[in-house]
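Working notes, structure below.
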Amino acid sequence: MVRGTRVGSASRLPEARRRGRGRLNEKRPRLPPDSPVLELADAIRLRGGRVIIVGGWVRDRLLGKVSHDLDLEVFGVSRASLSEWLGDFGFSPPVGRRFPVWRQTRLGIDVGFPRGGTEAIDPGVRPESADADDPRSLARAFRAAARHRDLTINAIGWDPLADRLFDPFEGRSDLAAGRLRAVDESTFGADPLRVLRVARLHAELAADVDPTLRRLCREVELDSLPVERIAGELRRLLIEGARPSSAFEFLAEVGQLEVFGPLARLRGIPQDPRWHPEGDVFVHTLQVVDRAAEIARPLPEGQREALLLAALCHDFGKAQETRVEGDRIRAHGHEATGADIARDWLALLRLPDRLVRAVGALVANHLAPMHLPRQDAGAGAYRRLARKLALAGVTVVDLERLARADHLGREAEGRPAAGFPEGQRFLEAARAAGVGEGVPPDVVSASCLLEAGIEPGPRLGELLARCREIQDEIGSRDPEAILERVMDRTRPDGGAGQD
């Protein structure tokens, strides 16, 4: 590559040298012929090194799944040389001192050095030859590096230039068998996050966990995990798996559910079997999360994540509010308590504020789509609810999805819950109230109040809030009518509204 070539531009390699590259085999998806990965790999090859694609991308391609983020390991070059070359490809400076990683965020490419491998390799020594044990063998170097990986299915490498697979720990056999197995017992616990990754892949791939790996997951201490890493794995666990519940069930089985503290505290909390035949609050919550995953599948990522986190958190308050009263089990106020717990926990995990607010609002109001239709609530109630939700960046449509998942998460002995007609009635009433997709803009603006002679200051803000209340109460679009009613209430003879 000539220095300064734009990343992602078509490679100038002769077509004959590009033909047939960028694939695992004839039945698998290919890297595009103009992929910057191929261009980078060839540039490093010309300097005596070799690029191997590793980890999840290779695993997913072998399964016939689309995968976008690539992890590359570079053999046979020095750090200084690699850093210089990667700068030409638009990579950021490396992150990490002991194990530096260069990132090209726009293209989703991470580049690093192998752990435990060697820089002194000879790409000409083929892995199937008698010289495979030669210290310069790329196969030998890859095996040494892959030994530090977590699972055999993540320890498969692919040389995109030679279309050569490296599978020193029989990861393909484990993929075919639907089995998760540790590469090395002595190195698995080096990163405690691997326990959460096993749980996620167990759910995502519907794979069995090898007994030895199950024991290793039980033995690893998770106390040292930074909250940001826990949050990252939680988000992936919820979004990437068709049945997230199996990940949480696995963590409970190996005694590691406490990493998600508020969820762990739901185990054993009873529910009224007349309304919840499925079992305790933990069992119900996992069913709700699975139903939410089905509902969320076609949604944009932001909405999907908010719904799934809200489903996970929606009954957190029952751990504190559940009371046994004779033959009844009640949890009055659990939605408000749960919203506070959810906000505190998600903030502790340092999730984005917008997400914390959205989840908190959904949890706090998750019973409304059932209660408002049953109470024949008026349009004003729907407008006030929509106003509260809008402050957190969500709508009545988002709330109905959560309530629907909550209602459907009551399956007992293979019998699914009945439908949720209240949800449809709720949405129809919200649309009739003019808040089906959000709240309308303020009819009375600050400029209206200034023109009416209200001086800038705290009172102006209070009057604006009252104007919104009247707008929601009567549904009027007439600023003069709203303003007149507000001013009537604030006159000295206006009763309770007196200033």
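Under the condition of being at pLDDT below 95, touching a Pro at 6+ places or on another chain (Cβ under 7 Å) and of a type in the set (Asp, Glu), the residues counted in the range 379-411 number 0. Entry remark, the range 261-309: residues being under 18 Å from Phe420 (Cβ atoms) and among the small types (Gly, Ala, Ser) number 3 in total. Inspect all residues belonging to the range 305-324 and state whether any of them is on the phi < 0 side of the Ramachandran plot, outside any helix (DSSP H, G or I) and within 18 Å of the chain's Cα centre (by Cα). Yes, some residue in the range 305-324 is on the phi < 0 side of the Ramachandran plot, outside any helix (DSSP H, G or I) and within 18 Å of the chain's Cα centre (by Cα).
So that you can scan it fast, the table gives a plain yes or no per residue for (1) at pLDDT below 95; (2) in a helix (DSSP H, G or I):
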| position | (1), (2) |
| --- | --- |
| Ala162 | yes, no |
| Leu165 | yes, no |
| Phe169 | no, no |
| Asp174 | no, yes |
| Ala190 | yes, no |
| Arg197 | no, yes |
| Ala203 | no, yes |
| Leu216 | no, yes |
| Asp223 | yes, no |
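If the condition is being more than 14 Å from Leu72 (Cα to Cα) and β-branched (Val, Ile, Thr), then the range 134-183 contributes Thr152, Ile153, Val183.
Residue-level check: of (1) of a type outside the set (Asp, Glu); (2) under 26 Å from the mean Cα position of the chain (by Cα); (3) not assigned by TED's automatic domain parsing to the domain that holds Leu367, His407 misses just (3).
Is one or more of the residues making up the range 265-272 among the β-branched types (Val, Ile, Thr) and over 14 Å from Leu312 (Cα atoms)? Steps first, answer last, please.
From the range 265-272, those among the β-branched types (Val, Ile, Thr) are 269; that's our starting set.
Add one more test, that the residue is over 14 Å from Leu312 (Cα atoms), and what stays is 269.
Among the residues of the range 265-272, at least one is among the β-branched types (Val, Ile, Thr) and over 14 Å from Leu312 (Cα atoms), which makes the answer yes.
Exactly one residue out of Ile454, Ile470, Ile482 is outside the structural domain of Ala377 (by TED's automatic domain parsing), farther than 24 Å from Val435 by Cα, among the β-branched types (Val, Ile, Thr) and at pLDDT 70 or above, and it is Ile454. Listed here are the helices (runs of 4 or more DSSP H) enclosed by the range 381-470 that have at least 1 residues being in contact with an Asp or Glu (Cβ under 8 Å, 6 or more places away or on another chain): 396-408, 421-432. Checked against (1) touching a strand residue (DSSP E or B) at 6+ places or on another chain (Cβ under 6 Å); (2) at pLDDT below 95, Asp208 passes all but condition (2).
The values are calculated or read from the model by the stated rules, or taken from the named source; none is laboratory data. Being a predicted model, the structure only gives us computed values, none of them experimental. No Cβ is skipped: glycine too gets one built from the backbone with ideal geometry, and neighbour counts run over all protein chains shown.
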